[in-house]
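Here is the structure we will look at.
The values are calculated or read from the model by the stated rules, or taken from the named source; none is laboratory data. Bear in mind the structure is a predicted one, so any value in this text is a computation, not a measurement. Cβ coordinates were reconstructed from backbone atoms using ideal geometry, including for glycine residues, and neighbour counts include every protein chain displayed. Remember, those area values only see protein heavy atoms, side chains included, never the ligands or the DNA or RNA. Shrake-Rupley method; radii C 1.70, N 1.55, O 1.52, S 1.80 Å.
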Amino acid sequence: MIWNILQLIFCIILFVLPLALYKSHRSFMVRFYDAMIHSVKARKLYVRVVLILLLLFHYVYISGHVGELGIFLSTAVCAAIYSFRRADKLLRGLCDRPCMFAILSLVALAISFVPHLYTTAVTAAYLLLAALFYPSVRVMTEFQDIGIISEWMKFPGLLAESYYDHHHAILPQDADSGNTDISAQ
């Protein structure tokens with residue numbers, strides 16, 4: 001019974017964390033955003049914490065379901081993200097490509113109904129959660145601009161907004177770069 005309650009806690013974390021912290025302007029989250037943008041060590045720590053949470057989930061699951069063979073696939077995913085370079089590439093790919101994020105979300109939802117692939121679905125959900133709070137390539141390149149950094153220091157809320165702004169599409173009115181000769185036609 002305790003193992004089932006612990007599994008439920010791991011699943012509740014997937015819903016509570018994004019609801020409480022996504023696009024948060026709290027001071028500890030602004031420090032988190034800043035650390036994730038500035039420091040490779042902070043990103044490595046973040047990936048390691050996610051990996052530890054996944055391995056703890058695997059331990060809890062295997063303790064309650066002895067002999068379950070479906071855990072090997074999700075353990076292979078955990079072994080693959082042990083390398084920070086691969087984990088960084090995966091999380092940036094999920095963060096910067098909304099199509100990949102949506103596909104993995106649908107796959108995680110679909111395989112959650114297959115009994116032996118439950119741990120793989122939870123592993124995919126934790127990777128999606130980790131990608132939500134991982135800095136995008138755009139934010140990392142904005143970090144190089146001194147003007148934007150000074151704006152972030154003056155108004156910490158702008159950092160949170162910029163951290164989660166994943167709009168890459170150019171609006172039709174902005175496509176001509178403000179050239180009135182072209183837009184008048």
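Some points to look at:
- Selection from segment 1-56 of residues that are closer than 24 Å to Thr120 by Cα and among the polar types (S, T, N, Q): Asn4, Gln7
- Here Ile103, Ile146 are screened, and the one residue that is modelled with pLDDT of 60 or more and open to solvent by 90 Å² or more (accessible area, probe 1.4 Å) is Ile103.
- Matching residues in segment 86-100 - criterion: being closer than 19 Å to Val40 by Cβ and touching a helix residue (DSSP H, G or I) at 6+ places or on another chain (Cβ under 9 Å): Arg86, Ala87, Asp88, Leu90, Leu91, Arg92, Gly93, Leu94, Cys95, Asp96
- Of all residues in segment 81-93, those being assigned to a helix (DSSP H, G or I), under 20 Å from Ser39 (Cβ atoms) and open to solvent by less than 60 Å² (accessible area, probe 1.4 Å) number 6.
- For segment 59-80, the set of residues classified as modelled with pLDDT under 90 and either outside any helix (DSSP H, G or I) or of a type in the set (Gly, Ala, Ser) (or both) consists of Ser63, Gly64, His65, Val66, Gly67, Glu68, Leu69, Gly70, listed by residue number.
Conditions (1) of a type in the set (Lys, Arg); (2) under 24 Å from Leu90 (Cβ atoms); (3) open to solvent by less than 30 Å² (accessible area, probe 1.4 Å), marked per residue:
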{"residue": "Tyr22", "(1), (2), (3)": "no, yes, no"}
{"residue": "His25", "(1), (2), (3)": "no, no, no"}
{"residue": "Val47", "(1), (2), (3)": "no, yes, yes"}
{"residue": "Val66", "(1), (2), (3)": "no, no, no"}
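- Positions within segment 23-58 being of a type in the set (S, T, N, Q) and in a helix (DSSP H, G or I), in sequence order: Ser27
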